[in-house]
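Below is one structure, written out as structure tokens, with a few remarks after it.
The values are calculated or read from the model by the stated rules, or taken from the named source; none is laboratory data. Source: prediction; values computed, not measured. Please note: Cβ atoms are built from the backbone with ideal geometry, for glycine as well, and neighbour counts cover all protein chains shown. Ligands, DNA and RNA are excluded from the accessible area calculation, which covers all protein heavy atoms including side chains. Shrake-Rupley method; radii C 1.70, N 1.55, O 1.52, S 1.80 Å.
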Amino acid sequence: QHSRTPDSVLQWGGRSEMASFPATSAAWAIATIVATIGVGISVYNIVGHIRNYTAPPLQKDIVRLLFIVPLYGLCSVLSLIFWESSPYIEIIRDIYEAFVIYCFLNLMLTFGGGEHHMAMELQELPRMKHPPPFCCLPKITLNAAFIKAVKRGTLQFVVIKLVFATVSIILLAAGEYNEEAWQVTNLVVYNIAYTIALYALLLFYMATKDIVSTMSPAKKFFAIKTIVFFTYWQELLVGLGPGSAEEANRWNDFILCVEMPLFAILQYRAFPWYEFQSGVPNKSWLAAAGEVMSVRDVAQDLMHNIKPAYQEYTLNSQQTGVTNQQGMYVGQKKKKYKTRTFIIGNLGAQEAKRRKGGGERPEKKESRRVESADMIALSAAGSATMFSLCSRGRYKTKT
């Protein structure tokens with residue numbers, strides 16, 4: 001068990017060390033106040049998106065991305081104060097970090113018009129070089145297979161984090177979590193999976209930055225990469241400092257709390273809610289929140305990416321929404337309707353009979369004109385009724 005000295009510093013070699021500051025009540029108060037400011041900014045942005053949920057395909061992933069600041073802030077404060085439970089708390093934070101990488105990739109695909117449209121756009125581009133230091137690798141062919149590889153690169157990190165989190169909880173309960181074999185395995189596998197996910201995200205950005213240039217992808221990429229990538233290297237650098245691993249983790253939690261307002265401002269500038277206030281929400285705020293919290297779409301996407309027939313799925317799947325050049329939601333998938341046309345009367349036979357009879361008497365001529373006007377009015381009324389039925393989706397059509 002970890003010992004705490006909340007109101008005093010630890011002694012290292014007979015003298016006080018600043019490394020123990022995160023264990024004091026003053027540090028807890030500062031961390032709580034600063035983290036609350038960052039969480040408040042993010043919550044304000046999240047509520048704005050939920051209340052103006054006019055572009056569900058976009059805002060669903062945007063809100064999921066915005067939740068990283070409240071989750072990071074809360075977990076860091078709790079880890080700092082309740083140090084004995086910090087391994088369990090940090091597992092939750094790490095899992096959501098992996099989920100954020102996947103959500104950002106999915107958001108960029110939606111900005112580009114969906115996987116089908118993005119694959120068609122990429123096919124028009126030349127083969128792409130790998131960034132340094134992997135320039136010597138073969139050039140990448142940009143097509144649906146490229147999107148498949150990128151999505152698998154991000155999804156593998158989510159799966160690995162879930163699996164290793166489950167194993168970590170079991171080992172913590174058994175008291176074997178700090179065993180050297182597990183720590184080395186966890187560190188190696190985590191770093192490999194993390195590197196693959198970030199590299200896949202970088203390749204996707206390089207390939208699609210011109211396609212989604214109107215959406216300011218660099219600003220959005222920087223906002224997410226700063227939180228995920230910067231905090232990762234920050235944890236490694238803090239661990240190289242003086243003091244024990246326990247003190248390094250405490251310092252990392254404290255620094256994360258201090259950084260929360262900065263991260264929240266970056267996200268607010270990259271994903272502001274007011275960009276979506278011009279539309280009309282198509283569902284209540286409660287239904288919007290439920291859609292954001294549901295992970296059914298993630299599970300379905302994972303299953304599709306595991307299957308070998310991904311290209312067929314990408315090219316033939318109907319998108320749930322389409323966005324315009326401003327990133328606004330402009331409609332759902334096209335619906336097909338079936339219409340029925342009713343002909344009243346036997347107009348063809350009457351006309352043939354009239355012609356065969358050699359004309360009509362003058363007194364009947366005016367009567368026929370009145371009948372024709374009545375039929376036109378009836379036909380117009382029938383068309384309006386038929387349009388109303390189609391608009392309500394009561395019939396389906398064959399094309």
**Top-ranked residue in segment 237-255 [being open to solvent by 40 Å² or more (accessible area, probe 1.4 Å) and free of Cβ contacts under 8 Å to residues at least 60 places away in the same chain; ranked as farthest from the chain's Cα centre (by Cα)]** = S244
**Prompt:** Do any residues in segment 102-113 that are in contact (Cβ under 8 Å) with a residue 12 or more places away in the chain and over 15 Å from Q300 (Cβ atoms) have Cβ atoms under 8 Å from those of residues that are assigned to a helix (DSSP H, G or I) and of a type in the set (K, R), where the two are at least six apart or on different chains, and which pairs are they?
**Reply:** F104/K220; L105/K151; L107/K220; M108/K220
**Complete set of residues in segment 201-222 that are open to solvent by less than 20 Å² (accessible area, probe 1.4 Å) and within 16 Å of the chain's Cα centre (by Cα)** = L201, F204, V212, M215, P217, K220
**Request:** Go over the candidates A149, A173, A165 one by one and state the one that is hydrophobic (A, V, I, L, M, F, W, C), part of a helix (DSSP H, G or I), surrounded by fewer than 18 Cβ atoms within 10 Å (Cβ to Cβ) and without any contact (Cβ under 8 Å) to a residue 40 or more places away in the chain.
**Result:** A173
**Request:** Name the single residue, out of those in segment 30-44 being small (G, A, S) and out of contact with any Gly (no Cβ under 6 Å at 6 or more places or on another chain), that is most open to solvent (accessible area, probe 1.4 Å).
**Result:** G40
**Message:** Just to verify a result, which residue in segment 98-107, among those that are open to solvent by less than 10 Å² (accessible area, probe 1.4 Å) and not hydroxyl-bearing (S, T, Y), is farthest from K225 (Cα to Cα)?
**Reply:** L107
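Yes/no per residue for (1) hydroxyl-bearing (S, T, Y); (2) closer than 18 Å to F230 by Cα:
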site	(1), (2)
P70	no, yes
E84	no, no
I89	no, no
T110	yes, no
C136	no, no
T154	yes, yes
**Message:** When you check L256 against the structure, is it within 21 Å of W83 (Cα to Cα) and in contact with a helix residue (DSSP H, G or I) (Cβ under 7 Å, 6 or more places away or on another chain), yes or no?
**Reply:** yes
**Request:** Say whether the condition of being of a type in the set (D, E) and in contact (Cβ under 8 Å) with a residue 24 or more places away in the chain is met by at least one residue in segment 121-128.
**Result:** yes
**Request:** Looking only at segment 256-279, count how many residues are closer than 14 Å to T226 by Cβ, open to solvent by less than 70 Å² (accessible area, probe 1.4 Å) and part of a helix (DSSP H, G or I).
**Result:** 10
**Item:** Long-range neighbours under 6 Å by Cβ, at least six apart or interchain, first residue more than 13 Å from L266 (Cα to Cα) and in contact (Cβ under 8 Å) with a residue 24 or more places away in the chain within segment 211-227, second open to solvent by less than 50 Å² (accessible area, probe 1.4 Å) and outside any helix (DSSP H, G or I)
**Value:** I211/G112; V212/G112; M215/G327
**Prompt:** Is there a residue being of a type in the set (G, A, S) and at pLDDT 85 or above anywhere in segment 1-22?
**Reply:** no
**Message:** Looking for something hydroxyl-bearing (S, T, Y), within 30 Å of L172 (Cβ to Cβ), touching a helix residue (DSSP H, G or I) at 6+ places or on another chain (Cβ under 8 Å) and modelled with pLDDT of 90 or more - is there at least one such residue anywhere in segment 33-44?
**Reply:** yes
